[in-house]
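*Asks:* Dropping the structure in here first, questions after.
The values are calculated or read from the model by the stated rules, or taken from the named source; none is laboratory data. Because the structure is a prediction, the values reported are computed rather than measured. No Cβ is skipped: glycine too gets one built from the backbone with ideal geometry, and neighbour counts run over all protein chains shown.
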Amino acid sequence: MKVAALQMVSGADWADNREQAAELLLQAARQGAELAVLPEYFCLIGNRDTDKLALQETYGDGPIQQFLADTARQLGLWIVGGTLPLRSTRADRVYNSSLAFNPQGVCVARYDKMHLFRFDNGTERYDESRVLEAGSEPVRFNLTAQDGQVWRVGMSVCYDLRFPELYRSHAQAGADLLLVPAAFTYTTGQAHWEVLLRARAIENLAYVAAAGQGGVHPNGRRTWGQTLLVDPWGHILAQQAQDRAVVLAVLDFAALREWRLQLPALQHRLL
């Protein structure tokens, strides 16, 4: 199955971000991708954290979700819509939600980011809990490829990457592919992004598709990028350092089975 991880440099204008995403999704479809993964906050990286509140949608209704559904259907493509802000029970909070749409334009999975990023090195300060409400449950879905192979897909978002127990729960449930849409900061991405992604692939004997924001955004924020796809042995199949890009690789299910037979580490767990 050919998978595309899409790298963007989103700004504060949804219309501009939509145009950027549509162009990348079209490129992915034309290059034969069956699944395309957009980055975290593909729809908005605003000037203030609270800008997310103005763009929030009710689950199942809204222009961002309609765009994802329509594009999936028009292109005949599985699309994972990075993240978008969905309404929560609190007026001053939203969920940072990743939605998966099948080629018929139906939303088949919703994952609300569970781990909320906080970082303060004296120069850069982030605290997602000021605007976001944390999700509570891991989410997986089944994807049937064009060859009839069923892939079990585990969802995650950005800061989740630092919590291996989430990915182990996906592996225990039979996940073959782990998705990591992200907007990693340049500082933390430079230090930890690649090594954590490769570790999650190796320890769970699963493919990883990580779609990042990558560049300098209109608000001055700089994100790490390095959108990549990793195989279960930890090899990077394709990657892009910065700027807009369609990062493509073919994921081989037969090779996945072979790696798991050769090294049955998932069967050797003690805890």
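*Asks:* Do you know which residues across segment 48-81 are in contact with a Pro (Cβ under 8 Å, 6 or more places away or on another chain) and farther than 16 Å from VAL106 by Cα?
*Replies:* Listed by number, the residues that qualify are LYS52, LEU53, LEU55, GLN56, GLU57.
*Asks:* Something else: If I filter segment 220-237 down to residues being of a type in the set (Gly, Ala, Ser) and either in contact (Cβ under 8 Å) with a residue 12 or more places away in the chain or touching a His at 6+ places or on another chain (Cβ under 8 Å) (or both), which single residue comes out as nearest to ALA201 (Cα to Cα)?
*Replies:* First, the residues of segment 220-237 that are of a type in the set (Gly, Ala, Ser): 220, 225, 234.
Among the residues that remain, those that are also either in contact (Cβ under 8 Å) with a residue 12 or more places away in the chain or touching a His at 6+ places or on another chain (Cβ under 8 Å) (or both) are: 225, 234.
Working: GLY225: 18, GLY234: 6 Å.
Step by step, filter segment 220-237, then rank; the result is GLY234.
*Asks:* Go through the residues of segment 251-264 one by one and say whether even a single one is basic (Lys, Arg) and either at pLDDT below 95 or closer than 30 Å to ASP16 by Cβ (or both).
*Replies:* no
*Asks:* Does LEU161 meet the test of being out of contact with any Phe, Trp or Tyr (no Cβ under 6 Å at 6 or more places or on another chain), crowded, with 22+ Cβ neighbours inside 10 Å and at pLDDT 95 or above?
*Replies:* Details: out of contact with any Phe, Trp or Tyr (no Cβ under 6 Å at 6 or more places or on another chain): yes; crowded, with 22+ Cβ neighbours inside 10 Å: yes; at pLDDT 95 or above: yes.
Judged against the criteria, LEU161 is a match.
*Asks:* Please specify each residue of segment 213-224 satisfying the condition of being closer than 20 Å to ASN121 by Cβ, surrounded by 24 or more Cβ atoms within 10 Å (Cβ to Cβ) and not hydroxyl-bearing (Ser, Thr, Tyr).
*Replies:* The answer is GLN213, TRP224.
Residue by residue, here is whether (1) of a type in the set (A, V, I, L, M); (2) modelled with pLDDT of 95 or more holds:
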{"residue": "LEU55", "(1), (2)": "yes, yes"}
{"residue": "GLN65", "(1), (2)": "no, yes"}
{"residue": "THR83", "(1), (2)": "no, yes"}
{"residue": "LEU86", "(1), (2)": "yes, yes"}
{"residue": "VAL94", "(1), (2)": "yes, yes"}
{"residue": "LEU99", "(1), (2)": "yes, yes"}
{"residue": "GLN104", "(1), (2)": "no, yes"}
{"residue": "THR123", "(1), (2)": "no, no"}
{"residue": "GLU133", "(1), (2)": "no, yes"}
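*Asks:* With the structure loaded, tell me whether ASP49 is modelled with pLDDT under 95, surrounded by fewer than 16 Cβ atoms within 10 Å (Cβ to Cβ), part of a loop (DSSP other than H, G, I, E, B) and out of contact with any Phe, Trp or Tyr (no Cβ under 6 Å at 6 or more places or on another chain) or whether it fails that test.
*Replies:* Yes, satisfied.
*Asks:* I'd like the residue in segment 89-106 that is among the hydrophobic types (A, V, I, L, M, F, W, C) and closer than 26 Å to THR50 by Cβ and, out of all such residues, is farthest from the chain's Cα centre (by Cα).
*Replies:* Among residues in segment 89-106 that are among the hydrophobic types (A, V, I, L, M, F, W, C) and closer than 26 Å to THR50 by Cβ, the one farthest from the chain's Cα centre (by Cα) is ALA91.
*Asks:* Do the conditions hold for GLU124, that is, is it among the acidic types (Asp, Glu) and under 18 Å from LEU99 (Cα atoms)?
*Replies:* Against the criterion (among the acidic types (Asp, Glu) and under 18 Å from LEU99 (Cα atoms)), GLU124 does not qualify.
*Asks:* Now a separate question. Could you please tell me which pairs satisfy a Cβ distance under 8 Å, a separation of 6+ or placement on different chains, a first residue in segment 184-202 that is over 18 Å from GLY122 (Cα atoms) and at pLDDT 95 or above, and a second residue that is assigned to a helix (DSSP H, G or I) and among the basic types (Lys, Arg)?
*Replies:* These pairs meet every condition: HIS192/ARG162; LEU196/ARG162.
*Asks:* Filter segment 60-82 for residues that are in a loop (DSSP other than H, G, I, E, B) and touching a helix residue (DSSP H, G or I) at 6+ places or on another chain (Cβ under 8 Å); which is surrounded by the fewest Cβ atoms within 10 Å (Cβ to Cβ)?
*Replies:* Taking segment 60-82 as the starting set, the residues that turn out to be in a loop (DSSP other than H, G, I, E, B) are 60, 62, 76-77, 81-82.
If we keep only those that are touching a helix residue (DSSP H, G or I) at 6+ places or on another chain (Cβ under 8 Å) as well, we get 76-77, 81.
Working: GLY76: 13, LEU77: 21, GLY81: 27.
This residue is GLY76.
*Asks:* What is the number of the single condition among (1) of a type outside the set (Gly, Ala, Ser); (2) surrounded by fewer than 24 Cβ atoms within 10 Å (Cβ to Cβ); (3) not in a helix (DSSP H, G or I) that LEU266 does not meet?
*Replies:* Answer for LEU266: the failing condition is (3).
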